[in-house]
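Structure first, then comments.
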Amino acid sequence: LLVDEFQDISQGRADLLNALKAQHADARIFAVGDDWQSIYRFSGSDIRLMRNIGTEFGGTFAGTCGIHQTVDLGRTFRSVDRVAQPARSFVLKNPAQITKTVITADSATAPAIRVAYSSPGRSSAILQQALEDIRSIMIREGGTASSVLLLGRYRHFRPKNLPMLEGAHPGLSITFKTIHASKGLEADHVIILDVGTGRHGFPSEIPDDPVLDLVLPEPEKFPHAEERRLFYVALTRAKKTVTILAPEDRRSSFVRELVENAEYGVIELGGLSTQTHHVCPACSGRLIPIRSGRGRLRFACAIVVLCSCSRRFPACPTCTDGWLVERKGRFGRFLGCVNYPGCKGRQQGNPVSAS
């Protein structure tokens, strides 16, 4: 008896399988599934049936029940390591999930999961900036086309200007799906929309209907267990990068967990940067401003950080939004402001330093 998508099995289907199995003494069940992707409790799927597969479906041998064998299919041919490994760590924070080794077919030299913050009324502009950054990656890699999957926890997160986005970003094939509908799909780049708190947040804060709870499988004890698996599914639709768009004033618990734990290797892109795009002299990437504890700006290269060279550029001592690059004058090399001649800030020293 061959069963695919075994993580979605319900009690009724399990009873049917056991009834079929009982008709033949030599019948065996061959099941393929991933408990990390069990996201359909609302339709009756019961993740405990897979976790307890030996007890529920195992055979009997030499007086011992529950005999079964598990083969770990740990190799993934989709996501690079810097998507797959952080996603693995994230889903396994729930100790009830089955521990599996993940082996990726491709690796990245830099962080591949990014968080970009938006302020009220600016979410559309942040999405446009995220798409622009993806197109820059595509061009830098020498490509002429990339697929982008926009994911929303709910259908109403679908951008109203979706038909216009492809025209604004040539070379990008852009589609929208709810995360549930995206299961089994993939794209070069994934953008997860509006990952915030609230009733329609992620994790969702909509309580289950008490009447439905009477017929659905028993809820899990781990907080937001299924929502965590749903977020894992969203992350692992991506081959190359994941960009998480989050409202700055109501970051979800998932976003806070990702950015506050270094093990995930997630970088923050901040909100909308200034209209002028400063260019990193190390890699020609776009620099983003980061405000220090004392309120001064320094600029860090989003592309350099993604390229893992970890460069940091000193802020201009004169103006409020400039940064220093190496220049050559009559008396040798010095550090001068990128806003020259509007700003003549300068100093001696190394133009870039490793963080």
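The values are calculated or read from the model by the stated rules, or taken from the named source; none is laboratory data. Treat the numbers as computed from the prediction; the structure is a model and nothing was measured. Side chains included, ligands, DNA and RNA excluded: accessible areas come from the protein's heavy atoms. Shrake-Rupley method; radii C 1.70, N 1.55, O 1.52, S 1.80 Å.
Brief remarks on what is shown
- Entries in LYS183/LYS240; LYS93/LYS177; LYS177/LYS239; LYS177/LYS240 that, when Cα-Cα distance is taken, lie over 22 Å: LYS93/LYS177
- Close amide H partners of VAL195, meaning residues 5 or more places away or on another chain with modelled amide H under 5 Å apart, are LEU245, ALA246.
- Counting 0.36 nm for each residue step from GLN347 to THR60 and taking away their Cα separation leaves a gain of 95.5 nm.
- A cut-off of 5 Å between modelled amide H atoms, ignoring neighbours fewer than 5 places along the same chain, links VAL3 with PHE30, ALA31, VAL32.
- Integer Hz, Karplus 6.51/-1.76/1.60 couplings in order for the stretch 123-129, x for Gly and Pro: 4, 5, 5, 5, 4, 4, 5
- Residues in the stretch 209-254 average 47 Å² of solvent-accessible surface per residue, probe 1.4 Å, ligands and nucleic acids excluded.
- Calculated log₁₀ intensity ratio I(q)/I(0) where the Debye formula runs over C-alpha points of the stretch 96-207, q = 0.19, 0.21 Å⁻¹: -1.16, -1.33
- Accessible area expressed per residue, the stretch 40-171, with surrounding protein chains retained (probe 1.4 Å, Å²): 54
- Most to least accessible of ASP8, ASP106 (protein chains only, probe 1.4 Å): ASP106, ASP8
- What a 1.4 Å probe finds exposed on the stretch 103-207 is 52% carbon and sulfur by accessible area, rounded to a whole percent.
- Residues with amide H under 5 Å from that of ASP106, placed H, sequence gap 5 or more: ASP81
- Largest-first principal axis extents, alpha carbons of the stretch 35-167, Å: 66, 35, 24
- In the stretch 1-91, the portion of solvent-accessible area held by carbon and sulfur atoms comes to 54 percent [1.4 Å probe, whole percent, DNA, RNA and ligands not counted].
- Whole-Hz ³J(HN,Hα) from phi, Karplus 6.51 cos²θ - 1.76 cosθ + 1.60, for the stretch 330-338, glycine and proline x: 5, 9, x, 7, 8, 9, x, 5, 5
- Per-residue 3J(HN,Hα) values for the stretch 28-34, derived from phi via the Karplus relation 6.51 cos²θ - 1.76 cosθ + 1.60 with θ = phi - 60°, read 10, 9, 10, 10, 10, x, 9 Hz in sequence order (x marks Gly and Pro).
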